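Inspection log for the structure reproduced underneath, given as C-alpha cells.
Please treat every number below as a calculation from the coordinates, not as lab data. Computed from a predicted structure; not experimentally measured. Note that each Cβ is placed from the backbone with ideal geometry, even for glycine, and that neighbours are counted across all protein chains shown.
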Amino acid sequence: MVDVLITNGPLLVGMAALFGFLMAWGIGANDVANAMGTSVGSNAITIKQAIIIAMIFEFAGAYLAGGEVTSTIRKGIIDSSYFMAQPELLVYGMIASLLAAGLWLIAASALGWPVSTTHSIVGAIVGFAAVGVGAEAVEWGKVGGIVGSWVVTPAISGFIAFTIFQSVQKLIFDTDKPLENAKRYVPFYMALAGFVMALVTIKKGLKHIGLHFSNLEAYSLAILIAVVVGVGGMIAIKRLRMDNKVDRQTQFGNVEKVFAILMVVTACCMAFAHGSNDVANAIGPLAAVASIVNSGGEISSKAELVWWILPLGAVGIVLGLAIFGQRVMKTIGKNITHLTPSRGFAAELAAASTVVIASGTGLPISTTQTLVGAVLGVGMARGIAAINIGVVRNIVVSWVVTLPAGAALSIMFFYMIKGIFS
C-alpha cells in the first residue's frame, strides 16, 4: 500500500499543507485572541495595537522558536508502531485531524468560544486512531491526564490571580495614598512579571532555537532580568509626573495607567511563548505527513521540518488573529468580568506563572484554560456577582465538547480520505 504514498505523495502533502494552514488560522483566531484578550479588554491597548504586537511576537515565537525538529505525534498520544505496516493510514489520519481541528476552531471562534487548540488536535488524533486503527493504538493514560487538567489548570491559575489581585488591592487601592503606594510597590510587581515572563520565554521559547539552559542557569538569568526590570520600572515611575494632591478617583486612574504599561510587556512575552509552543499543534501533523511521504512510508519518532512548514504556520496564526480574532478577545476581555489594567495584569501574570509551573512538572495544560481560570480568579476577588455566570457556563461546555467534536469530525474525514485514495 506504500504505492499510494509514492503515486499521490505531492497531493497528500499539498492537502496536509492546506489543512495545516487552516489549523494555524484557527489557532490565531482562537488562542492568540485569548493571549491578547485581557490587554484589549482592560483598555491597556487597542485591538489594532494588539494585532500588531501579536503579529510581531507570535511570528517571532513561531518562526524562531517553533522547533527545527518536532515530535511526529503531539504529546505521544498514539503509538506509532501500530501504523508501521500501513503508514498511509497515519498520513490520512493526520490530514483528517488537521481539517477536523481547524474547522472546529473556526466554528468556536465564530461563536466567540475560547477553546483549547491543543485539545482540538488531540481529540482529532485520538478519534481517527481509536476508530480507524484500534483503541489499543491510543495512549489512554495521556488522554486521562488531559481531561484531568481541565479542572487543575484553571484552579491553579485562578488561585494565583486571586492572590495577586488581592495583594494589589491591599497594598495600593485600599490605602489612603494609592499613588504613593503604587510608586513604592509596582516596581516589585514589575520585577515579578519580569521573572515569570523571562522563565516562560526561556523554558517555552528558547529551547527550540537550540539554546538549552540548565534549571540553575534559567533561574539565575530570570532573576537577573527581574532585577533589571524592577530597577528600570522604579526609575520610569519616578519620572512620571503625577499629582498626589488630586482626589482618589484620579489617583486610581493614574495607578491604572502604570499597570497598563506593564500589560503591554506581559502581552508581548505571552505572544512569543504562545507562538513558540502552539504552532506545533498545526505543524506537527503536517511535518509528520511530509516526513512519511518523503521517506517512502518510513515512520520515525521525530520529523525533520521542511523549510516551508514553519513560515506557513506562523503566517496562518497571524492572519487568523488579524481577520477573525476579535470575537474571542471580546469574550475573554469584556464578557467574563469587567477588567481594568490592574486586574488584567493579575490575570495575565497568573496565567504565565501557571505555564511555568506546568512546564516544570510536565502537566499537559491549555493556555486558554489557564487564562480563563485566571480571569475568573480576578472576578472572584471582587465577589461572585462580578462574574457573568452565563458566559462561564458556555465556555465550560465548549471545553467539554472540544475533544469529542474533534474526534467525530476527524473520524468522518479519515474514512472519506481513505475512501478517495484506496
Remind me, relative contact order of the chain in percent, using alpha carbon pairs under 8 angstrom and six or more residues apart?
40 percent
Express in nm, to one decimal, how much length is gained between Val147 and Ile389 on full extension, taking 0.36 nm for each residue of separation and deducting their alpha carbon distance.
84.9 nm
Pulled fully out, how much extra length does the chain show between Val228 and Leu240, if you take 0.36 nm times their separation in residues and subtract their Cα-Cα distance?
2.5 nm
Hz values of 3J(HN,Hα) by residue in region 50-56 - Karplus curve (6.51, -1.76, 1.60), Gly and Pro given as x
4, 5, 5, 4, 5, 4, 5
Mind listing the long-range amide H neighbours of Ile78? Cut-off is under 5 Å, sequence gap 5 or more, other chains count too, H placed in the peptide plane at 1.01 Å from N.
Glu139
What is the distance in Å between the Cα centres of region 211-234 and region 265-289?
23 Å
222 nm mean residue ellipticity, helices alone, for the chain (DSSP H n ≥ 4; -39,500 (n - 2.57); rounded to 500):
-25500 deg cm²/dmol
Packing-ranked peptide list from 374-386, 331-343, highest mean Cβ count within 10 angstrom first, is 331-343, 374-386
Report the Cα centroid-to-centroid distance between region 340-377 and region 121-182 in angstrom, as an integer.
6 Å
Using 0.36 nm times the number of residues separating Ala155 and Asp247, minus their current alpha carbon distance, what extension gain do you get?
29.4 nm
